[in-house]
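Written out below as structure tokens is the structure these notes cover.
The values are calculated or read from the model by the stated rules, or taken from the named source; none is laboratory data. All values reported here derive from a predicted model rather than from experimental measurement. Remember, those area values only see protein heavy atoms, side chains included, never the ligands or the DNA or RNA. Shrake-Rupley method; radii C 1.70, N 1.55, O 1.52, S 1.80 Å.
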Amino acid sequence: MMRTTTKRMLPLLAATAMLGTFGMSGAAMAEGPDSTSLEANLTQLNDSGASGTAWVTVEGNEVHVKLDSTGMLAEAPHAQHIHIGGKNQCPDPTMEGTGVDGAIRTTDAAGDYGGVQVSLTKEGDTSPDSALAVERFPTGDASYERTFEVSDEVAENLRNGDGSVVLHGVDHNGNGTYDGDQMSDLDESLPSEATDPAACGALEMSQMDAMPEGGAETGDGTTAGIENSGAMLAGGGLLTAAAAGAFALRRRQSQK
Ligand SMILES: [Cu+2]
């Protein structure tokens, strides 16, 4: 009896913990009624083992970015950008690229995620001019947070939910450093390993914006009880818009 109860409650407890995380970041990111909140779930490219999450808030021309990553090559600089254009999506991780053994190089996926529109540097310029400002990017696994200004066009794109966060730098041969015979498709003075994409996540409207009603009240993880979490789950509150879309698609297919 006790055992069964524990088993059944665990997923809900996990969901509550997740809600706590989302609730806190959501509250911290939401700066006003005119702000747009986006979120990207970054998954690996080039078998890098890297992953991460990015939260982006846009208010006027001011952009706030928080980014956590794991699995990045340690003690090596990692260029990180918001790419905009193409299909505003990440490439299929199994795509055949022009790199060694079919590795995906940055330009191989330009049709998917477009070009660099924001350089997520730690300091100074954040324009595309700083796309490869190696000394101003995080090293190893990044815990990054910064607020900066973008152009009207970039702000507008982000408000529309367009853009992908891309982390670069992959140690293809696993020797702990950027090297190899092939040079970068972005800068001939750098090894391709230094600029090849390691992880990517398409920006999506976060649930606070995606859910016009109900989400705000029940999304507060500090007071949400087990019952509220269950209601959130039933209402799809934890599903991102994309996941919800995929779910709906599967349902339609299964009805045929
Ligand atoms: Cu990039």
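Sorting 145, 188 on solvent-accessible area from highest to lowest, probe radius 1.4 Å, gives 188, 145.
Can you put 112, 92 in order of accessible area, largest first, using a 1.4 Å probe?
Details: 112 25, 92 85 Å².
In descending accessible area the options line up as 92, 112.
The value of relative contact order for segment 63-171, using C-alpha pairs under 8 Å at least six residues apart, is 45 percent.
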